[in-house]
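Trainee: Please read through the structure below; I'll follow up with questions.
The values are calculated or read from the model by the stated rules, or taken from the named source; none is laboratory data. The shown structure was predicted, so the numbers you read here are calculated from the model rather than taken from an experiment. Every residue, glycine among them, receives a Cβ derived from its backbone with ideal geometry; neighbour counts consider all protein chains shown. The area values use the complete protein model at the heavy-atom level, side chains included, leaving out ligands, DNA and RNA. Shrake-Rupley method; radii C 1.70, N 1.55, O 1.52, S 1.80 Å.
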Amino acid sequence: MAEIVQQRIENRIPELEQLERVGLFSKKEVKSLLKRATALEYKLHRLIITKVDFIAYIQYEINVLELIKKRRSRIGYQFKREEIEFSIISRINNIFRRATTKWKDDVQLWLSHIAFCKKWNTQGELSKVFSSMLAIHPEKPALWIMAAKSELEDRNSSESARHLFLRALRFHPESKKVYQEYFRMELLHTEKLRKQQKKLEQAEMDVGGYEFSPEIMTGKLAEVVYRDASGKIQGADFILSLLTIAAIFDFTKDLQDTIIQDLQSKHTDDSLTWDFMAKRELGATVGEELQSAKGRASDMARREERCYQVYEEGLNSLSTEAMWACYVSFCLERFKRKTNVQQLKEKRQERLLAVLQRAHDSSLLKEDFYKNWLQVLLSSGDSEQTAAVAMAATQRYRQSVDVWCLALQTMVRLGSGATGKLFQDALTHVNPKSSLPLWQLQVEWSMTSQSPEATEALFQRGLLSAVPAVSMEIKEKYLDWSFGAGGYKKARKTFTSLHENRPFSKAFFTRMIQMEKDQETPKMSNLRDFYERALREFGSTDDDLWLEYIREELGPSGQPENCGKIHWRAMKLLEGESVERFTAQYTVLQTGHI
């Protein structure tokens, strides 16, 4: 082992001599570098070596490289790179190779090596790293794509990128992502050739016998990829993703037409096809551009009408939930668009409401759309229709907390007299474990709309809930309401009546403590009582509560001599990390810093 380490250290001598000779490092720094490198090298030759040792060595060498770069910039010396930087880069690559040979499955280690090669522009090594990595991890499509992109962008080699994509497809013949990136690569290659041709034509240069192939220049290679991909992978979503990529390039009109024709002939059973075809009508050009606002609004209304016709045609052949969702989403998006033309806005609202009603009648309206439907109805002022839709939503989705909350909020806003019964129906149908939002909504409604007696009766019912989250929330709300309705005395009475009614939240106690402290003459005996009750519940985990108790005793109304007892009890009850936090904060408190 010592001989190998010695040999590696001796190999460094020429670069170290150059560093000192050209003034990048001092003699003392060279000795320090040599000592540190020897220690790191020995770590890599122990019987038991770890990945951390390799990473530490690599990071140290990279830091040396960065330091050399900064010092070159500072003194303006740019020579002897082969003897200095190239030697260090070669050594780092060698350490990376040793690490990835030992930990082949660590993809992050491979990616770190790739990042290093890219940063320090070692293109030859970069290709080797990708080749070795893909031989070990051929099952990861993302790595094939990364390698192909590197060949295309870093080495400007379309041929190598194409070769990698073809190899990737042997391992992943049905990978959407590989086909998408391969398709994009062929289009980028064509675009590059077209730019080259344009520059040559502008320069009027004679290129001899070389000619640019018309098929390649019109994107036929990308079309071949598309044909292969569409034959192996079904689904309008994938075809549309290729169409989106093709639309980025300005020479792909024929290719886009081909893809659209395939969509219309082979994928009419997919709602995405109809959604795409309908939205295309918005971009269709009709005559000259109109100048007036009314003219533009009229033109937009005509375009939207054509979109609606396509959706209706789609519904005639494909009346599914997904198809209705596309139609409703489009109508909703158009309705939300701002316009100063009232007639266009009314048309959009009328269409949206009609489509929502039809979707509901077909029992194919998604849960999420009821919210938008109710919002539109509320803005229109149709209270009767709004209430009917709210009730219909609860009938359709009886167990959905969100739907019940939406319906109840709507009925509260409308001031319906049936709201109270609706709350009871909601709690009957919804899973009790999920009922907290309903209780919160009912308490807010009762406090603003019901008599104090009815509200207190509601709190009493909530206290009986077997769900801890509901019970704790009700106690907090009950305490707040009592303070607002009857002042401190009523709040104290409520607190006393509940002090054995577990479970509790910390907020239940801290609110009572704050109410006492807000009194004109707070009583320390009451505060002690509240803190003691809180600590019985949370004393083993909440170090902040102990510290607050100690601060109260250190205050003007407290007895500082009690702090020692409280500290002793806290140290006895607290567990785990809470003890360390408490000790640290208590020490700071004693020194007067908090």
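Trainee: At a Cα cut-off below 16 Å, give the lysines reachable from Lys27, other chains included and same-chain residues fewer than 8 away excluded.
Mentor: Lys35
Trainee: So, one more: Can you return the aspartates and glutamates within cross-link range of Lys51? Criterion is Cα-Cα under 13 Å, with same-chain partners fewer than 8 residues away left out.
Mentor: The qualifying aspartates and glutamates are Asp105, Asp106.
Trainee: What ratio of Cα Rg to 2.2 N^0.38 Å holds for region 347-418? Intermediate results must be reported in sequence, preceding the final value.
Mentor: On the way: Rg = 11.5 Å, N = 72, 2.2 N^0.38 = 11.2 Å.
Against the compact-globule rule of thumb, the ratio is 1.03.
Trainee: So the label point goes 7 Å from the Cα of Glu17 along Cα→C-beta, right? Which residues of region 83-106 then have their backbone N under 18 Å from it?
Mentor: Once the point is set 7 Å along Cα→Cβ of Glu17, 83-88 turn out to lie under 18 Å by backbone N, inside region 83-106.
Trainee: Right, here's the next one. Counting only protein heavy atoms and a 1.4 Å probe, tell me what percentage of the chain's accessible area is made up of carbon and sulfur.
Mentor: That share works out to 51 percent.
Trainee: Follow-up question, since we're still on this one. Any idea how far apart Glu139 and Thr448 come out in nm if each label point goes 7 Å out from Cα toward Cβ?
Mentor: So the label points at Glu139 and Thr448 sit 5.7 nm apart.
Trainee: Whole-Å semi-axes of region 434-501's equivalent ellipsoid, largest first, each the root of 5 times a Cα gyration tensor eigenvalue? Kindly include the intermediate steps, with their values, before the conclusion.
Mentor: Numbers: eigenvalues 65, 47, 15 Å².
Here the semi-axes work out to 18, 15, 9 Å.
Trainee: Taking 35 Å as R0, compute the FRET efficiency from the Cβ-Cβ separation of Thr583 and Glu476 and round it to 0.05.
Mentor: Numbers: r = 31 Å, r/R0 = 0.88.
Efficiency for this residue pair is about 0.70.
Trainee: Enumerate the whole-percent occupancy of each 5 Å bin, from 0 to the last occupied one, for all C-alpha pair distances of region 1-103.
Mentor: 2, 12, 22, 26, 18, 11, 6, 2, 0
Trainee: What is the magnitude of the charge dipole of region 434-501 about its Cα centre, with +1 placed on the Cβ of each Lys and Arg, -1 on the Cβ of each Asp and Glu, and no other charges, expressed in debye to the nearest 20?
Mentor: Its charge dipole is roughly 220 debye.
Trainee: Here's another thing I want to ask about it. Among the lysines, select those whose C-alpha is under 26 Å from the C-alpha of Lys421, and discard any that sit fewer than 8 residues away in the same chain.
Mentor: Excluding near neighbours in sequence, the set is Lys366, Lys371, Lys433, Lys475, Lys477.
Trainee: Heavy-atom accessible area per residue, region 1-103, 1.4 Å probe: how many Å²?
Mentor: Details: 6150 Å² over 103 residues.
Per residue, region 1-103 has 60 Å² of solvent-accessible surface.
Trainee: Taking DSSP loops as anything outside H, G, I, E and B, show the longest stretch in the chain free of trypsin sites (Lys or Arg not before Pro) there with at most 16 other beta carbons within 10 Å.
Mentor: Values: sites that count: Arg46, Lys80, Arg81, Lys104, Arg155, Arg337, Lys338, Lys366, Arg398, Lys523.
The longest uninterrupted stretch comes out as 156-336.
Trainee: Let me ask you something else. Could you tell me the ratio Rg/Rh of the chain? Both radii from Cα atoms, Rh via Kirkwood. It would help to have the intermediate numbers written out before the result.
Mentor: Details: Rg = 36.9 Å, Rh = 33.1 Å.
Answer for the chain: 1.11.
Trainee: What length, rounded to one decimal in nm, is gained on full extension from Ile9 through to Lys421, with 0.36 nm per residue of separation minus their alpha-carbon distance? Before the final figure, lay out the partial values.
Mentor: Numbers: separation 412, 0.36 × 412 = 148.32 nm, distance 8.54 nm.
Net length gain for the segment: 139.8 nm.
Trainee: Let me ask something additional. For Asn156 and Ser383 in the same chain, what is the full-extension length gain: residue separation times 0.36 nm, less their Cα-Cα distance, in nm?
Mentor: Working: separation 227, 0.36 × 227 = 81.72 nm, distance 6.56 nm.
Result for the pair: 75.2 nm of gain on full extension.
Trainee: Need the C-alpha centroid separation for region 413-490 versus region 285-364, integer Å.
Mentor: Each part's Cα centre sits 42 Å from the other's.
Trainee: Let me ask something additional. If R0 is 22 Å, what FRET efficiency do you get for Arg98 and Gln123 from their C-beta distance, rounded to 0.05? Write down the numbers at each step before the final one.
Mentor: Values: r = 21 Å, r/R0 = 0.97.
About 0.55, to the nearest 0.05.
Trainee: For Leu166 and Glu215, what is the calculated FRET efficiency with R₀ set at 22 Å and r taken between the beta-carbons, to the nearest 0.05?
Mentor: On the way: r = 19 Å, r/R0 = 0.85.
So, using R0 = 22 Å, E works out to roughly 0.75.
Trainee: Give me Rg/Rg_expected for region 296-401, where Rg uses Cα atoms only and Rg_expected = 2.2 N^0.38 Å with N residues. Kindly include the intermediate steps, with their values, before the conclusion.
Mentor: Numbers: Rg = 14.2 Å, N = 106, 2.2 N^0.38 = 12.9 Å.
So the Cα radius of gyration is 1.10 times the expected 2.2 N^0.38 Å.
Trainee: Counting only pairs 8 or more places apart or on different chains, how many lysine pairs in region 482-594 have C-alpha atoms closer than 23 Å?
Mentor: Summing the qualifying lysine pairs gives 15.
Trainee: Could I ask something else about it? Evaluate the charge dipole of region 346-505 about its Cα centre and quote only its size in Debye, nearest 20, assuming +1 on the Cβ of each Lys and Arg and -1 on the Cβ of each Asp and Glu. Don't jump to the answer; show the numbers that get you there.
Mentor: On the way: 19 positive and 16 negative charges, 57 e Å.
That gives region 346-505 a dipole magnitude of about 280 debye.
Trainee: Can you pick out the pairs among Lys31/Lys119; Lys232/Lys266; Lys149/Lys253; Lys149/Lys198; Lys118/Lys149 whose Cα atoms lie more than 20 Å from each other? Could you put the intermediate results ahead of the total?
Mentor: Values: Lys31/Lys119 28 Å; Lys232/Lys266 14 Å; Lys149/Lys253 25 Å; Lys149/Lys198 25 Å; Lys118/Lys149 12 Å.
Table pairs above 20 Å Cα-Cα are Lys31/Lys119; Lys149/Lys253; Lys149/Lys198.
Trainee: Work out, step by step, the length gained on full extension between Leu47 and Lys490: first 0.36 nm times the residue separation, then minus their alpha carbon distance; give nm to one decimal. Write out the running numbers ahead of the final one.
Mentor: Values: separation 443, 0.36 × 443 = 159.48 nm, distance 7.47 nm.
Once the chain is fully extended between Leu47 and Lys490, it gains 152.0 nm.
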